[in-house]
Amino acid sequence: MMKPGKIDEQNFIQRLSPERRIVVLTGAGISAESGIPTFRDAQEGLWSQFRPEELASPEGFRKNPKLVFDWYAWRRQKVLEAKPNLGHQILAAWEKQFPHLTLITQNVDGLHQAAGSEHVMEMHGSIHRLICLEERHPSPWVAAGSDVPLCPRCQSPLRPDVVWFGEMLDRVILQRIGRALSQCEIFIAVGTSGVVYPAAGFLDEVRAAGALTVVINKERVGADRTDLFLQGSASEVLQRLQSGWNQRDQGTDSPAR
Ligand code: BJW
(Lines give C-alpha, C1' and ligand atoms only; values in the text may rest on other atoms or scores of the structure.)
Protein backbone atom coordinates (compact mmCIF):
# COMPACT_ATOMS: atom_id res chain seq x y z
CA MET A 1 0.00 0.00 0.00
CA MET A 2 1.27 3.49 -0.82
CA LYS A 3 1.81 6.01 1.97
CA PRO A 4 -0.84 8.77 2.19
CA GLY A 5 -0.19 11.58 -0.27
CA LYS A 6 2.27 9.53 -2.33
CA ILE A 7 0.77 10.39 -5.68
CA ASP A 8 0.06 13.76 -7.25
CA GLU A 9 -2.83 14.87 -9.41
CA GLN A 10 -0.91 14.61 -12.71
CA ASN A 11 0.27 11.14 -11.84
CA PHE A 12 -3.31 10.14 -11.03
CA ILE A 13 -4.56 11.45 -14.38
CA GLN A 14 -1.88 9.35 -16.07
CA ARG A 15 -3.24 6.27 -14.35
CA LEU A 16 -6.83 6.80 -15.48
CA SER A 17 -7.80 4.66 -18.42
CA PRO A 18 -10.94 3.05 -19.89
CA GLU A 19 -9.55 -0.36 -18.93
CA ARG A 20 -9.38 0.47 -15.22
CA ARG A 21 -12.03 -0.76 -12.79
CA ILE A 22 -13.05 2.47 -11.11
CA VAL A 23 -15.44 2.91 -8.19
CA VAL A 24 -16.78 6.38 -7.36
CA LEU A 25 -18.51 6.83 -4.00
CA THR A 26 -20.44 10.07 -3.61
CA GLY A 27 -21.90 11.73 -0.54
CA ALA A 28 -23.94 14.81 0.22
CA GLY A 29 -21.08 17.15 -0.76
CA ILE A 30 -21.61 16.51 -4.48
CA SER A 31 -25.19 17.80 -4.25
CA ALA A 32 -24.28 20.80 -2.09
CA GLU A 33 -23.60 22.88 -5.20
CA SER A 34 -27.15 22.12 -6.37
CA GLY A 35 -28.42 23.81 -3.22
CA ILE A 36 -29.19 20.58 -1.34
CA PRO A 37 -28.03 20.89 2.27
CA THR A 38 -25.47 18.22 3.16
CA PHE A 39 -26.82 15.58 5.50
CA ARG A 40 -25.37 17.20 8.58
CA ASP A 41 -26.37 20.70 7.37
CA ALA A 42 -29.93 19.47 6.85
CA GLN A 43 -30.45 19.92 10.57
CA GLU A 44 -30.69 23.63 9.82
CA GLY A 45 -33.38 26.09 10.95
CA LEU A 46 -36.48 24.32 12.18
CA TRP A 47 -34.59 21.05 12.46
CA SER A 48 -31.44 22.28 14.20
CA GLN A 49 -32.67 21.17 17.61
CA PHE A 50 -32.72 17.51 16.54
CA ARG A 51 -29.83 15.08 16.23
CA PRO A 52 -29.53 13.17 12.91
CA GLU A 53 -30.28 9.91 14.72
CA GLU A 54 -33.59 11.34 15.93
CA LEU A 55 -34.71 12.16 12.41
CA ALA A 56 -33.13 9.31 10.46
CA SER A 57 -33.86 6.26 12.57
CA PRO A 58 -36.75 3.83 13.01
CA GLU A 59 -36.89 4.79 16.70
CA GLY A 60 -37.17 8.47 15.79
CA PHE A 61 -39.98 7.71 13.35
CA ARG A 62 -41.88 5.55 15.83
CA LYS A 63 -41.52 8.26 18.48
CA ASN A 64 -42.58 11.17 16.28
CA PRO A 65 -43.67 10.05 12.80
CA LYS A 66 -45.09 13.40 11.75
CA LEU A 67 -41.88 15.27 12.63
CA VAL A 68 -39.74 12.85 10.64
CA PHE A 69 -42.17 12.74 7.71
CA ASP A 70 -42.27 16.55 7.57
CA TRP A 71 -38.45 16.72 7.60
CA TYR A 72 -38.29 14.39 4.61
CA ALA A 73 -41.09 16.27 2.84
CA TRP A 74 -39.11 19.52 3.34
CA ARG A 75 -35.92 17.93 2.03
CA ARG A 76 -37.74 16.33 -0.92
CA GLN A 77 -39.20 19.70 -1.89
CA LYS A 78 -35.66 21.15 -1.98
CA VAL A 79 -34.57 18.26 -4.21
CA LEU A 80 -37.50 18.75 -6.59
CA GLU A 81 -36.48 22.39 -7.00
CA ALA A 82 -32.80 21.49 -7.59
CA LYS A 83 -30.89 20.71 -10.77
CA PRO A 84 -27.85 18.47 -11.10
CA ASN A 85 -24.58 20.41 -11.13
CA LEU A 86 -21.36 20.08 -13.10
CA GLY A 87 -20.05 17.44 -10.67
CA HIS A 88 -23.04 15.17 -11.37
CA GLN A 89 -22.70 15.86 -15.10
CA ILE A 90 -19.01 14.97 -15.22
CA LEU A 91 -19.67 11.67 -13.44
CA ALA A 92 -22.48 10.94 -15.93
CA ALA A 93 -19.97 11.54 -18.76
CA TRP A 94 -17.43 9.28 -17.02
CA GLU A 95 -19.95 6.42 -17.17
CA LYS A 96 -19.49 6.55 -20.98
CA GLN A 97 -15.77 7.35 -20.92
CA PHE A 98 -14.87 4.62 -18.46
CA PRO A 99 -16.93 1.49 -19.18
CA HIS A 100 -15.77 -0.23 -15.99
CA LEU A 101 -16.88 2.57 -13.69
CA THR A 102 -19.27 1.83 -10.83
CA LEU A 103 -21.09 4.78 -9.27
CA ILE A 104 -22.21 4.25 -5.69
CA THR A 105 -24.06 7.05 -3.95
CA GLN A 106 -25.12 7.54 -0.37
CA ASN A 107 -27.43 10.30 -1.55
CA VAL A 108 -31.16 9.78 -1.78
CA ASP A 109 -31.82 12.78 -4.05
CA GLY A 110 -31.71 11.14 -7.52
CA LEU A 111 -29.53 13.94 -8.96
CA HIS A 112 -27.01 11.54 -10.52
CA GLN A 113 -29.83 9.99 -12.55
CA ALA A 114 -31.14 13.47 -13.40
CA ALA A 115 -27.67 14.28 -14.78
CA GLY A 116 -27.79 11.18 -17.01
CA SER A 117 -26.02 8.47 -15.00
CA GLU A 118 -27.80 5.24 -15.92
CA HIS A 119 -26.35 2.78 -13.44
CA VAL A 120 -26.37 4.27 -9.98
CA MET A 121 -26.22 2.16 -6.85
CA GLU A 122 -28.34 4.09 -4.35
CA MET A 123 -27.09 2.45 -1.18
CA HIS A 124 -29.29 4.50 1.16
CA GLY A 125 -32.46 4.34 -0.96
CA SER A 126 -34.45 7.18 -2.47
CA ILE A 127 -36.34 10.13 -1.03
CA HIS A 128 -38.72 9.93 -4.00
CA ARG A 129 -40.41 6.73 -2.86
CA LEU A 130 -42.47 5.78 0.17
CA ILE A 131 -42.88 2.38 1.76
CA CYS A 132 -44.98 1.33 4.70
CA LEU A 133 -43.41 0.79 8.08
CA GLU A 134 -44.65 -2.73 8.74
CA GLU A 135 -44.71 -4.56 5.39
CA ARG A 136 -42.56 -2.28 3.19
CA HIS A 137 -45.38 -2.02 0.64
CA PRO A 138 -44.31 0.61 -1.94
CA SER A 139 -46.37 3.75 -2.42
CA PRO A 140 -46.05 6.94 -4.47
CA TRP A 141 -45.50 10.16 -2.48
CA VAL A 142 -48.52 11.52 -0.70
CA ALA A 143 -48.46 14.68 1.37
CA ALA A 144 -48.97 14.44 5.12
CA GLY A 145 -52.07 16.05 6.53
CA SER A 146 -52.35 16.45 10.27
CA ASP A 147 -50.89 12.96 10.53
CA VAL A 148 -48.62 10.79 8.36
CA PRO A 149 -50.35 9.05 5.44
CA LEU A 150 -51.21 5.37 5.84
CA CYS A 151 -50.54 2.44 3.54
CA PRO A 152 -53.66 1.74 1.47
CA ARG A 153 -52.98 -2.01 1.74
CA CYS A 154 -52.19 -2.56 5.43
CA GLN A 155 -52.90 0.80 7.10
CA SER A 156 -49.43 1.05 8.66
CA PRO A 157 -47.72 4.47 8.47
CA LEU A 158 -45.88 5.40 5.27
CA ARG A 159 -42.23 6.41 5.52
CA PRO A 160 -39.53 7.35 2.99
CA ASP A 161 -37.83 4.39 1.28
CA VAL A 162 -34.41 5.25 2.70
CA VAL A 163 -31.97 3.40 4.95
CA TRP A 164 -31.98 4.74 8.48
CA PHE A 165 -29.38 4.28 11.23
CA GLY A 166 -29.58 0.78 12.62
CA GLU A 167 -31.27 -0.59 9.49
CA MET A 168 -29.74 -3.11 7.13
CA LEU A 169 -28.88 -2.05 3.60
CA ASP A 170 -30.54 -3.86 0.71
CA ARG A 171 -28.86 -7.27 0.41
CA VAL A 172 -28.69 -7.25 -3.40
CA ILE A 173 -27.16 -3.75 -3.52
CA LEU A 174 -24.66 -4.76 -0.83
CA GLN A 175 -23.65 -7.81 -2.88
CA ARG A 176 -23.19 -5.71 -6.01
CA ILE A 177 -21.16 -3.15 -4.07
CA GLY A 178 -19.04 -5.94 -2.58
CA ARG A 179 -18.28 -7.28 -6.05
CA ALA A 180 -17.35 -3.84 -7.39
CA LEU A 181 -15.08 -3.14 -4.41
CA SER A 182 -13.33 -6.50 -4.68
CA GLN A 183 -12.36 -5.75 -8.30
CA CYS A 184 -11.67 -2.05 -7.79
CA GLU A 185 -8.37 -0.59 -9.03
CA ILE A 186 -9.15 3.10 -8.52
CA PHE A 187 -11.47 4.36 -5.78
CA ILE A 188 -12.66 7.97 -5.67
CA ALA A 189 -14.67 9.31 -2.72
CA VAL A 190 -16.41 12.61 -3.45
CA GLY A 191 -18.00 14.88 -0.84
CA THR A 192 -18.56 12.48 2.02
CA SER A 193 -17.66 12.94 5.68
CA GLY A 194 -16.76 9.23 5.90
CA VAL A 195 -18.40 8.68 9.26
CA VAL A 196 -21.36 6.49 8.35
CA TYR A 197 -20.85 2.75 7.89
CA PRO A 198 -20.71 0.66 5.84
CA ALA A 199 -19.67 3.32 3.26
CA ALA A 200 -17.09 4.76 5.69
CA GLY A 201 -15.15 1.48 5.50
CA PHE A 202 -14.88 1.24 1.70
CA LEU A 203 -11.76 3.37 1.33
CA ASP A 204 -9.67 1.42 3.84
CA GLU A 205 -10.97 -1.87 2.44
CA VAL A 206 -9.99 -1.22 -1.17
CA ARG A 207 -6.74 0.50 -0.23
CA ALA A 208 -5.69 -2.50 1.84
CA ALA A 209 -6.41 -4.65 -1.23
CA GLY A 210 -4.09 -2.51 -3.37
CA ALA A 211 -6.45 -0.03 -5.07
CA LEU A 212 -5.37 3.55 -5.65
CA THR A 213 -7.55 5.89 -3.59
CA VAL A 214 -8.51 9.51 -4.13
CA VAL A 215 -10.55 11.70 -1.78
CA ILE A 216 -12.22 14.90 -2.96
CA ASN A 217 -13.64 17.15 -0.25
CA LYS A 218 -14.07 20.84 0.48
CA GLU A 219 -12.64 20.25 3.98
CA ARG A 220 -9.56 18.23 4.94
CA VAL A 221 -11.53 15.05 5.56
CA GLY A 222 -9.76 11.71 5.13
CA ALA A 223 -6.57 13.33 3.83
CA ASP A 224 -4.34 11.11 5.96
CA ARG A 225 -5.93 7.85 4.77
CA THR A 226 -5.67 8.21 1.03
CA ASP A 227 -3.09 8.11 -1.76
CA LEU A 228 -4.29 11.43 -3.14
CA PHE A 229 -6.31 14.12 -1.40
CA LEU A 230 -7.81 16.89 -3.51
CA GLN A 231 -9.27 19.74 -1.52
CA GLY A 232 -11.96 21.83 -3.19
CA SER A 233 -15.54 21.72 -4.29
CA ALA A 234 -16.58 18.54 -6.07
CA SER A 235 -17.45 20.24 -9.36
CA GLU A 236 -14.23 22.28 -9.46
CA VAL A 237 -11.97 19.28 -8.75
CA LEU A 238 -13.84 16.90 -11.09
CA GLN A 239 -13.70 19.51 -13.84
CA ARG A 240 -9.93 19.82 -13.35
CA LEU A 241 -9.53 16.04 -13.55
CA GLN A 242 -11.72 15.95 -16.64
CA SER A 243 -9.68 18.60 -18.45
CA GLY A 244 -6.46 16.84 -17.43
CA TRP A 245 -7.87 13.62 -18.86
CA ASN A 246 -9.00 15.36 -22.09
CA GLN A 247 -5.55 16.85 -22.59
CA ARG A 248 -3.89 13.52 -21.95
CA ASP A 249 -6.34 11.70 -24.19
CA GLN A 250 -5.68 14.12 -27.05
CA GLY A 251 -1.93 14.16 -26.44
CA THR A 252 0.66 11.49 -26.85
CA ASP A 253 1.10 10.45 -23.23
CA SER A 254 0.59 6.78 -22.57
CA PRO A 255 -1.05 5.66 -19.32
CA ALA A 256 1.24 4.73 -16.45
CA ARG A 257 0.97 1.12 -15.40
C1 BJW B 1 -18.24 18.98 0.00
C2 BJW B 1 -18.92 20.04 -0.59
C3 BJW B 1 -18.59 20.36 -1.93
C4 BJW B 1 -19.67 19.81 1.42
N5 BJW B 1 -17.67 19.62 -2.56
N6 BJW B 1 -17.31 18.29 -0.64
C7 BJW B 1 -19.39 0.31 12.47
C8 BJW B 1 -18.85 1.14 13.44
C9 BJW B 1 -19.65 2.06 14.10
C10 BJW B 1 -21.01 2.17 13.83
C11 BJW B 1 -21.54 1.34 12.89
C12 BJW B 1 -20.74 0.42 12.22
N13 BJW B 1 -21.51 -0.24 11.33
C14 BJW B 1 -22.77 0.24 11.41
C15 BJW B 1 -22.82 1.19 12.35
C16 BJW B 1 -24.03 1.98 12.75
C17 BJW B 1 -24.38 3.07 11.75
C18 BJW B 1 -23.23 4.06 11.65
O19 BJW B 1 -22.46 4.09 10.72
N20 BJW B 1 -23.13 4.95 12.62
C21 BJW B 1 -22.07 5.97 12.58
C22 BJW B 1 -22.70 7.33 12.84
C23 BJW B 1 -20.97 5.62 13.54
N24 BJW B 1 -24.67 2.51 10.43
C25 BJW B 1 -25.83 1.97 10.16
O26 BJW B 1 -26.71 1.91 11.00
C27 BJW B 1 -26.06 1.42 8.75
N28 BJW B 1 -26.64 0.13 8.85
C29 BJW B 1 -25.90 -0.97 9.06
O30 BJW B 1 -24.69 -0.96 9.00
O31 BJW B 1 -26.65 -2.10 9.33
C32 BJW B 1 -26.01 -3.15 10.04
C33 BJW B 1 -25.78 -2.67 11.47
C34 BJW B 1 -26.75 -1.97 12.15
C35 BJW B 1 -26.51 -1.52 13.44
C36 BJW B 1 -25.28 -1.76 14.06
C37 BJW B 1 -24.31 -2.46 13.36
C38 BJW B 1 -24.56 -2.93 12.05
C39 BJW B 1 -27.07 2.27 7.99
C40 BJW B 1 -26.59 3.65 7.73
C41 BJW B 1 -27.68 4.43 7.02
C42 BJW B 1 -27.31 5.90 6.92
N43 BJW B 1 -28.46 6.62 6.53
C44 BJW B 1 -28.36 8.05 6.30
C45 BJW B 1 -29.79 8.61 6.12
C46 BJW B 1 -30.32 8.24 4.71
C47 BJW B 1 -31.58 8.91 4.40
C48 BJW B 1 -31.43 10.43 4.41
O49 BJW B 1 -30.67 11.00 3.62
O50 BJW B 1 -32.09 11.04 5.25
O51 BJW B 1 -27.58 8.34 5.15
S52 BJW B 1 -27.48 8.90 7.59
C53 BJW B 1 -26.67 10.07 6.55
O54 BJW B 1 -25.25 9.91 6.52
C55 BJW B 1 -27.18 9.74 5.13
C56 BJW B 1 -25.94 9.95 4.33
O57 BJW B 1 -26.04 9.24 3.10
C58 BJW B 1 -24.86 9.44 5.23
C59 BJW B 1 -23.48 9.93 4.88
O60 BJW B 1 -23.42 11.31 4.94
P61 BJW B 1 -22.52 12.10 3.90
O62 BJW B 1 -23.01 11.88 2.53
O63 BJW B 1 -21.10 11.78 4.15
O64 BJW B 1 -22.89 13.60 4.26
P65 BJW B 1 -22.28 14.57 5.39
O66 BJW B 1 -23.24 15.68 5.53
O67 BJW B 1 -21.90 13.83 6.60
O68 BJW B 1 -20.90 15.10 4.76
C69 BJW B 1 -20.83 15.91 3.62
C70 BJW B 1 -19.37 16.11 3.26
O71 BJW B 1 -19.31 16.83 2.04
C72 BJW B 1 -18.55 16.88 4.29
O73 BJW B 1 -17.33 16.18 4.52
C74 BJW B 1 -18.26 18.23 3.61
O75 BJW B 1 -16.98 18.75 3.94
C76 BJW B 1 -18.29 17.84 2.16
N77 BJW B 1 -18.70 18.92 1.24
N78 BJW B 1 -19.75 20.62 0.30
C79 BJW B 1 -17.01 18.65 -1.92
N80 BJW B 1 -19.18 21.41 -2.59
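The table that follows gives values for the structure above.
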item: Cα gyration tensor, the range 197-257 - rounded (a/c under 1.5), prolate or oblate; result: oblate
item: Where TRP74, TRP141 fall by accessible area, highest first, once all protein chains stay in place (1.4 Å); result: TRP74, TRP141
item: Anchor LYS83: lysines whose Cα lies under 26 Å away (excluding residues fewer than 8 positions away in-chain); result: LYS96, LYS218
item: Solvent-accessible area of ARG240 with every protein chain in place, 1.4 Å probe, in Å² to the nearest 10; result: 100 Å²
item: Which of GLU95, GLU134 is most accessible, then next, and so on - probe 1.4 Å; result: GLU134, GLU95
item: Rounded accessible area of SER139 (nearest 10 Å², 1.4 Å probe); result: 20 Å²
item: Residues of the range 107-257: accessible area per residue with a 1.4 Å probe, Å²; result: 50 Å²
item: Within the chain, helix-based [θ] at 222 nm, where runs of 4 or more DSSP H residues each add -39,500 (n - 2.57), nearest 500; result: -10000 deg cm²/dmol
item: Partner lysines for LYS63 [C-alpha distance under 30 Å; skip if fewer than 8 residues away on the same chain]; result: LYS78
item: Accessible area (Å², 1.4 Å probe, nearest 10) - HIS100; result: 70 Å²
item: Furthest towards positive pole of dipole, CYS154, VAL221, VAL206, structure part the range 144-253, Cβ charges; result: CYS154
item: Accessible surface of the range 118-257 [probe 1.4 Å, protein heavy atoms]: carbon and sulfur percent; result: 48 percent
item: Those aspartates and glutamates that a straight Cα-Cα span of less than 17 Å connects to LYS6, excepting residues fewer than 8 apart in one chain; result: GLU185, ASP204, ASP224, ASP227
item: Computed over the chain: relative contact order in percent, which uses C-alpha pairs under 8 Å that are six or more apart; result: 28 percent
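The values are calculated or read from the model by the stated rules, or taken from the named source; none is laboratory data. Since the model is a prediction, treat every value here as computed from it, not as a measurement. Virtual Cβ from ideal backbone geometry, glycine too; neighbours counted across all protein chains shown. In case anyone asks, the SASA skips ligands and DNA or RNA and just uses the protein heavy atoms, side chains included. Shrake-Rupley method; radii C 1.70, N 1.55, O 1.52, S 1.80 Å.
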